[in-house]
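Remarks on the structure that follows.
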Amino acid sequence: GQSLEQPSEVTAVEGAIVQINCTYQTSGFYGLSWYQQHDGGAPTFLSYNALDGLEETGRFSSFLSRSDSYGYLLLQELQMKDSASYFCAVEKAAGNKLTFGGGTRVLVKP
Amino acid sequence: DVKVTQSSRYLVKRTGEKVFLECVQDMDHENMFWYRQDPGLGLRLIYFSYDVKMKEKGDIPEGYSVSREKKERFSLILESASTNQTSMYLCASSSPGGGGEKLFFGSGTQLSVL
């Protein structure tokens with residue numbers, strides 16, 4: 001079968017750093033995406049990795065290791081507005097047909 | 001900005017009813033998708049379409065069908081609604097490319113089947 005594993009919940013304080021890990025086991029792999037979803041809102045795209053290494057976008061960075069079938073999303077300088085659910089998603093072949101993980105709920109406390 | 005609009009935010013239906021969920025996007029995207037979202041299970045792909053009149057099954061198509069008569073509109077149909085189809089339904093669209101293109105999601109339809 002195919003699966004994506006990520007922690008269900010993470011709690012941290014403002015200003016801290018949070019790393020959300022995602023391990024995947026899929027029948028094909030083209031790239032790994034991350035999406036953010038606030039309660040009651042639509043998922044929104046954060047980042048995409050097709051090659052090994054780190055992609056940085058402001059306070060958020062995403063990492064991929066294809067050989068380890070592993071990636072992570074790093075949230076730095078946490079802010080209250082970062083409280084949301086974060087989903088990793090595997091693109092098994094070019095074409096955006098994504099398989100999503102179960103999501104990690106991040107709670108940022110003052 | 002891309003806008004993906006789903007016709008209803010909340011919907012309550014009876015078991016056995018035929019249900020239509022509508023989705024419209026305004027960015028001329030070729031690709032459109034229907035996902036359902038359940039707690040702890042993430043988003044699961046029901047059906048997708050890469051072109052008008054074209055449809056392909058996703059991971060959980062049983063009990064659903066779709067229609068894409070126009071490029072901007074992608075409809076999800078529950079032929080005979082059942083209680084296990086109570087869920088949040090999310091529509092998404094994207095432009096075609098070599099991979100990694102963003103999916104743009106609608107705000108979702110929370111469907112309750114009683």
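Rule-based calculations on the coordinates, nothing more; no lab input. Computed from a prediction, not measured in an experiment: that's the story for all the values here. As a convention, Cβ positions derive from the backbone with ideal geometry for all residues, glycine included, and neighbour counts pool all protein chains shown.
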Amide H of residue A:31: which non-local residues (sequence gap of 5 or more, or other chain) have their own amide H closer than 5 Å, using H built in the peptide plane? A:91
For the stretch A:13-110, radius of gyration divided by Kirkwood radius, i.e. Rg to Rh on alpha-carbons: 0.97
Can you run phi through the Karplus equation (6.51, -1.76, 1.60; θ = phi - 60°) for the stretch B:61-71 and list ³J(HN,Hα) in whole Hz, with x for Gly and Pro? x, 4, x, 10, 9, 9, 9, 9, 8, 10, 4
Rounded to whole Hz, the Karplus (6.51, -1.76, 1.60) HN-Hα couplings of the stretch B:6-20, x for glycine and proline: 9, 5, 10, 8, 9, 8, 10, 10, 9, 4, x, 6, 8, 10, 10
Highest first, please rank the peptides B:59-68, B:32-41, B:101-110 by the mean number of other Cβ atoms sitting within 10 Å of their residues. B:101-110, B:32-41, B:59-68
The long-range amide H neighbours of residue B:99, using H built 1.01 Å from N in the peptide plane and a cut-off of under 5 Å, are A:95
Sort B:44-53, B:85-94 by packing, meaning the average of other beta carbons within 10 Å per residue, with the highest value first. B:85-94, B:44-53
Residue-ordered couplings for the stretch B:29-34, obtained by feeding phi - 60° into the Karplus form 6.51 cos²θ - 1.76 cosθ + 1.60 and rounding to whole Hz (Gly and Pro as x), are 6, 6, 8, 9, 9, 10
Fraction of alpha-carbon pairs in the protein assembly as shown farther than 31 Å apart, rounded to whole percent, equals 20
Output for the stretch A:20-110: GluC sites (Glu not before Pro) sitting in coil per DSSP, at most 15 other Cβ within 10 Å, listed by number, reads A:77
Say a paramagnetic label sat at a point 7 Å from the Cα of residue B:30, along Cα to Cβ; which residues of the stretch A:81-110 have their backbone N under 14 Å from it? A:94-97
Against the 2.2 N^0.38 Å rule of thumb, the C-alpha Rg of chain B sits at a ratio of 1.00
Net charge over other residues, Cβ less than 14 angstrom from the Cβ of residue B:70 (K, R count +1; D, E count -1): -2
